[in-house]
Ligand code: 8YV
C-alpha cells in the first residue's frame with residue numbers, strides 16, 4: 001500500500017532520500033517532534049503500523065506501548081542493540097535491519113582509523129596546521145606490514161576487515177569462543193586476552209548489547225600491552241571506557257582509535273586531550289554510496305512488508 005493512507009512513525013531525521021521516499025508514500029509522524037507523548041499517542045498512536053528507526057536511535061518501550069497496531073520496525077543500520085527486540089518479538093512485531101550493504105564502508109573505516117592511528121595522521125596534521133613543521137621533526141609512526149591484526153568478531157564485517165588487513169601484509173588472528181570457524185585459515189584464539197597479547201592492532205567489531213558489554217576490559221587492555229593499539233568500530237558499550245582511559249593514562253597500551261563511545265555523542269574529555277587517540281563521530285557506515293544502499297534497503301523492506309507481510313532482511 002503506497003497511497004499515503006498508511007501512517008508510519010519515523011524516530012528522527014534519517015537519510016534524506018529515505019525521508020523523501022517515506023513522505024511521498026506514507027503519512028509520516030516524527031518522534032523527534034512529539035513533545036506530549038500521551039496526547040500524541042491518544043490521537044495518533046493507533047494509526048501507526050510501521051516504525052522507521054536507526055541502529056543509533058533505537059526504540060523506546062514508552063512509545064511502542066502507545067502503538068497498539070504496530071506491525072513492523074524497519075531499522076537503518078546493521079546493529080540492533082538499541083532496539084527492544086525481545087519486547088517486539090513478544091508482541092509479534094517484525095523487525096528488519098540493513099546487513100551486508102555496509103560491510104565495505106565499515107571495513108574501510110576500520111582501516112582508515114588504524115592507519116590514522118599508527119601513522120599519526122591526525123597528530124601530524126595538527127602539527128603542520130599549528131606551524132610547527134619549520135621548528136622541528138615530527139615523531140615516527142609504526143607500520144602495519146608484518147604486524148598482527150587481532151579481530152574481535154569475525155562476522156561479515158570482521159571478515160571484510162580481515163581481507164583488507166591481509167592486503168597490508170598483516171597476519172590475521174581472531175577471537176571466537178569455543179571452536180574455530182570451519183574453512184578459515186586465520187589464527188584462532190578462544191581466549192580474548194590471549195588474542196590481545198598476540199595482537200599489535202586489536203580491531204573490535206562484535207555486535208553491541210548485554211552479551212558483549214565491556215568485553216574489552218582492563219585485563220584485555222593490559223594483555224594488548226604498551227606497543228598495542230585498540231580500534232573500536234563496533235559499539236561504545238563493548239569497551240570499558242574508564243578502563244581504556246586508565247590504560248592510556250598509564251601507557252599500558254600505545255593508543256586507540258574510536259568511532260563509537262559509551263555515551264554518544266559525548267566523548268570523555270580525557271580522550272579529547274590525548275594525542276595518541278583518534279576520535280571519529282560514529283562514521284563507520286558513513287559513505288554516500290553505503291548510506292544510499294541502506295536507505296534503499298530500509299524502504300524496500302517497508303514496501304515489501306506492506307505488500308505481503310514479509311521482510312527482505314529480517315532480524316531473526
Ligand atoms: C548506524 C551503525 O546505524 O549499522 C550500524 O549498526 O552503527 C550505523 O550504520 C547509522 O549510522 C545510523 O545512523
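The values are calculated or read from the model by the stated rules, or taken from the named source; none is laboratory data. As the structure is a prediction and not an experimental result, all values here were calculated from the model. Here the Cβ is made from the backbone with ideal geometry for all residues, glycine too, and neighbour counts use every protein chain on show.
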Determine if region 207-217 includes at least one residue that is assigned to a strand (DSSP E or B), within 16 Å of the ligand (Cβ to nearest atom) and over 16 Å from residue 150 (Cα atoms).
no
Residue in region 84-107 that is surrounded by the most Cβ atoms within 10 Å (Cβ to Cβ), counting only those that are within 16 Å of residue 305 (Cβ to Cβ) and in contact (Cβ under 8 Å) with a residue 12 or more places away in the chain
98
Quick one: residue 62 ticks every box in (1) assigned to a loop (DSSP other than H, G, I, E, B); (2) assigned by TED's automatic domain parsing to the domain that holds residue 23; (3) exposed (fewer than 13 other Cβ atoms within 10 Å of the Cβ) bar one, so which box is it?
(1)
By my count, strands (runs of 3 or more DSSP E) wholly in region 99-195 with at least 2 residues that are assigned by TED's automatic domain parsing to the domain that holds residue 214 and under 23 Å from the mean Cα position of the chain (by Cα) are 148-152, 171-175
Boolean, residue 51 is more than 12 Å from the ligand (Cβ to nearest atom) and either within 25 Å of residue 238 (Cα to Cα) or not assigned by TED's automatic domain parsing to the domain that holds residue 304 (or both)
no
Out of region 65-81, which residues are in contact (Cβ under 8 Å) with a residue 40 or more places away in the chain and crowded, with 17+ Cβ neighbours inside 10 Å?
67, 72, 74, 75, 76, 77, 78, 79, 80, 81
Matching option when the condition is farther than 28 Å from residue 88 by Cβ and either in the same structural domain as residue 119 (by TED's automatic domain parsing) or more than 16 Å from the ligand (Cβ to nearest atom) (or both), among 234, 257, 307
257
Enumeration of residues in region 251-287 that are touching a helix residue (DSSP H, G or I) at 6+ places or on another chain (Cβ under 9 Å), closer than 19 Å to residue 193 by Cα and part of a loop (DSSP other than H, G, I, E, B):
252, 253, 254
